[in-house]
Amino acid sequence: MQSKASPTKTVGAAAVPARPAFHAGFQWRDFVVYIFFAAVLVFFAFTIGDKGFLSMANLFNITRTTSMIAVIAVAMTFVIAAGELDLSVGSTAALAALASALAMQAGYGVAGGVVAALASGLLVGAVNGFFVTVVNIPSFLVTLGMMQFVRGLDMRLTYTKPVPISDQTFTGLFGSGSLGPLPSLFVWSLAVAAIGHVVLRYTPFGRQVLATGGNRVAAQYSGVPTKRIKLYCFLISGAAGAVAGMLYSGMMQTARYSFGTGAELAAIAAVILGGTSLFGGKATIIGTFVGALLIGTINNGLIIMGLDVSEQNMVAGALIVLAVAFGRKGAMGGRR
């Protein structure tokens with residue numbers, strides 16, 4: 001289920017981690033997020049099942065509201081697996097939403113809006129990657145500053161005014177549409193997660209990401225271009241932020257500077273809940289996706305229970321810390 005940075009195998013000129021053997025034995029700590037997700041579903045089903053929690057409409061609502069965090073979290077998994085952080089992805093999502101809306105208002109159509117969103121996301125990712133890999137500034141500081149700069153830019157672009165989106169093709173593709181019974185928002189998150197899982201688990205690039213985060217010096221001696229790998233991870237994060245921004249604006253049929261506020265922290269929580277090491281070298285996209293669904297389910301259940309925002313934040317935060325602590329305790333026990 002998970003990919004780890006050892007043992008190694010040779011891909012081209014570089015020695016990179018091989019996929020873990022399936023006979024490595026059952027490690028229950030790797031399944032903590034699934035256990036908690038099942039427990040949360042059962043708890044809400046018994047306590048608020050008669051209030052519509054288990055209705056198909058509500059379950060689809062959970063997938064819709066979770067989709068943007070899931071998309072961002074998949075990319076964040078690559079960044080964290082490479083030993084870095086990206087705190088700017090939430091404000092990048094808002095920038096991409098505004099860029100796409102302004103481009104469509106200017107008459108460039110849906111294609112122009114998509115290009116504008118992706119270009120803005122990739123630009124932010126490239127700047128982050130440049131300062132981290134070339135100037136050697138810690139990613140926490142670079143992306144923290146970028147988060148503030150881009151959020152200010154978001155506010156200045158439209159002077160905090162929302163930008164409406166009237167193009168039905170765009171809103172159907174990125175927000176209100178569906179593919180069969182599945183909402184388009186959920187289809188986007190599933191597609192991004194599937195691509196992320198294949199890339200991380202089955203490609204040389206994915207193994208080089210894990211090698212870079214597991215032991216950067218050893219990876220360099222093995223021929224892994226660690227700086228280039230980290231730059232690619234930041235570009236992936238910027239692109240994912242752009243997709244999330246289009247999903248936000250498609251769902252709301254407008255673009256706002258406040259989109260994605262706090263999304264970076266929710267994404268990091270989903271990644272860590274899913275079993276990815278905060279120190280790099282170990283990651284799982286499926287765990288990240290379930291972690292995002294877990295956070296969305298907790299938030300949805302607490303809203304139906306009638307808790308106010310402050311109570312929701314306290315309970316959700318406590319449950320997330322409990323889940324992470326439970327997993328780490330299991331990991332420590334496994335090393336004894």
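Structure summary
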| item | result |
| --- | --- |
| Answer label, with Rg and Dmax of the Cα atoms in Å calculated from the coordinates and candidates [x] 21.2, 70; [y] 19.9, 63; [z] 21.5, 79 | [y] |
| Relative contact order (percent, whole number), the chain, Cα cutoff 8 Å, 6+ residue spacing | 33 |
| Helix runs (DSSP H) in the chain reaching 27 Å along axis by Cα, Kyte-Doolittle at least 1.6 | 109-133, 285-304 |
| Calculated [θ] (222 nm, deg cm²/dmol) that DSSP helices of n ≥ 4 give over the chain, each run adding -39,500 (n - 2.57) | -23000 deg cm²/dmol |
| Among Asn215, Phe186, Gly241 - extreme Cα towards positive end, dipole of the stretch 152-255, charges at beta-carbon | Asn215 |
| Inter-label distance, nm, simple model (7 Å from Cα along the C-beta direction), Met305/Ile195 | 3.7 |
| Packing rank of 33-43, 233-243, where each peptide gets the mean count of other beta carbons within 10 Å, highest leading | 233-243, 33-43 |
| Coarse-grained scattering of the stretch 146-197 at q = 0.16, 0.22, 0.24, 0.25 Å⁻¹, given as base-10 log I(q)/I(0) from a Debye sum over alpha-carbon atoms | -0.73, -0.84, -0.85, -0.86 |
| Positive-pole candidate from Gly260, Asn300, Leu278, dipole of the stretch 212-336, charges at beta carbon | Leu278 |
| Modelled FRET efficiency - R0 45 Å, Ala325 with Gln105, Cβ distances, 0.05 increments | 0.40 |
| Solvent-accessible area per residue, Å², over the chain with all protein chains present [probe radius 1.4 Å] | 45 |
| Pairwise FRET efficiency - Leu278 versus Ile35, Cβ, R0 = 30 Å, nearest 0.05 | 0.90 |
| Length gained when the stretch Leu179-Ser258 is fully extended (0.36 nm per residue, less Cα-Cα span) | 25.6 nm |
| Loop chymotrypsin sites (Phe, Trp or Tyr not before Pro), the stretch 94-137, which have at most 15 other Cβ atoms in a 10 Å radius of their Cβ (DSSP) | Tyr108 |
| Percentage relative contact order, the stretch 154-246, counting C-alpha pairs under 8 Å, at least six apart | 12 |
| Percent accessible area from carbon and sulfur atoms, the chain, protein chains only, probe 1.4 Å | 68 |
| Using a Förster distance of 22 Å, the FRET efficiency for Val217-Leu141 (Cβ separation, nearest 0.05) | 0.50 |
| Cα gyration tensor shape for the stretch 138-231, rounded if a/c is under 1.5, else prolate or oblate | oblate |
| About the Cα centre, charge dipole magnitude for the chain (Lys/Arg +1, Asp/Glu -1 at Cβ), debye | 1060 |
| Simple label model, 7 Å out from Cα along Cβ direction - Ala318 to Val115, nm | 5.3 |
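The values are calculated or read from the model by the stated rules, or taken from the named source; none is laboratory data. Quick caveat: nothing in here was measured; it's all calculated off a predicted structure. FYI the Cβ positions are ideal-geometry reconstructions off the backbone, even for glycines, and counts take in every protein chain you see. Ligands, DNA and RNA are stripped out before the accessible areas are found, and what is left, the full protein with its side chains, is counted by its heavy atoms. Shrake-Rupley method; radii C 1.70, N 1.55, O 1.52, S 1.80 Å.
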